[in-house]
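So the structure is just underneath, and the comments pick up after that.
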Amino acid sequence: MKVATSEKILNKFVETKVTKEARVNLSKRMIQIIRDDGIKSLWFKILGEIGYRRLILVTLHLDEPTERAKTRLPVEFSMLHETDLDKYLHFRPDQTASEINNRFIAGHLCFVGRYEGSIVYACWAARQVARIDYLSLDLGLAADEIYTYDTFTLPGFRGKNVFPAGIEYTLRYFRKAGFRKYVGCVLPENRPAVHTLSKSGYLRFGMIGYIGLGRSKWKFRRHFKTSSSLI
């Protein structure tokens, strides 16, 4: 589909939902998505807003040692402590102190990567129950399973192996703690994340999501007969 044709369709889609200024900005963003990720990625983003969302379920067995990833910059990884909350919020100004405190209260752990003292990477981990905000549902975990979420790397540090090194650091921590399986989710259209996870040995084992709006949602969780490569 040509970009010009897509722009007309998208402008019509948002015509009655947002202000003129917001509509212009939204249209520009959508056209950029088409150019960067393709029309397929854009349509799934639109579907996600109007009632269809899904994520790939991925897994990695922790009893199988992974190759240690090396960053291209001297990034130091460690666990985040509540005393570092201000530094974390400077790193993630889109989040709130209340939100992060609730994660700590729930027993979630956060692993961060620091470059010259500043946080440039973070990954959260949950045990027992994983809350998937994108789908507004909970995912039950076995006693030996760990779920990571809200992994984020500052734009200026992407493509420098910080993400895979951070994930590997987190998995080594839980491997030593006796956990045997990592469970996670990834958006199919997030090609950089899919590629990185696949390269690190992660396998897809199912799909989880929903169809519908409001209370009229049909939630689904499908497990594949056998795990397979992400790519």
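Set the bar at 21 Å for Cα to Cα. Now go through Lys70/Lys181; Lys160/Lys181; Lys70/Lys160 and name every pair that lies beyond it. Numbers along the way, then the final one.
Values: Lys70/Lys181 23 Å; Lys160/Lys181 26 Å; Lys70/Lys160 9 Å.
Beyond 21 Å: Lys70/Lys181; Lys160/Lys181.
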What does the C-alpha gyration tensor say about the overall shape of the stretch 178-222? Classify as rounded when a/c is under 1.5, otherwise prolate if a/b is larger than b/c, or oblate. oblate
With just the Cα atoms defining each centre, how far is the stretch 71-148 from the stretch 203-231? Give it in Å. 24
About its Cα centre, how strong a charge dipole does the stretch 139-213 have in debye, to the nearest 20, once Lys and Arg get +1 and Asp and Glu get -1 at the Cβ? 300
Placing each pseudo-label 7 Å from Cα in the direction of the beta carbon, Thr96 and Gln128 end up separated by a distance in nanometres of 2.5
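Would you mind classifying the stretch 110-231 by shape? Square roots of the alpha carbon gyration tensor eigenvalues, ordered a ≥ b ≥ c; an a/c under 1.5 is rounded, otherwise it is prolate if a/b is larger than b/c and oblate if not. Show your work: numbers first, answer last.
On the way: a/c = 1.61, a/b = 1.46, b/c = 1.10.
Here the stretch 110-231 falls in the prolate category.
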Hey, can you grab everything whose amide H is under 5 Å from the amide H of Arg131? Only 5+ residues off in sequence or another chain; H modelled, so Pro and N-termini drop out. Leu139
With a ≥ b ≥ c taken as the square roots of the eigenvalues of the C-alpha gyration tensor of the stretch 49-121, please select rounded if a/c is under 1.5 and otherwise prolate if a/b is larger than b/c or oblate if it is not? oblate
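Only the coordinates and a few stated rules stand behind these numbers; no lab work does. Quantities reported herein were computed from a predicted structural model and do not represent experimental measurements. Glycine also receives a Cβ, built like all others from the backbone with ideal geometry; neighbour counts cover every protein chain displayed.
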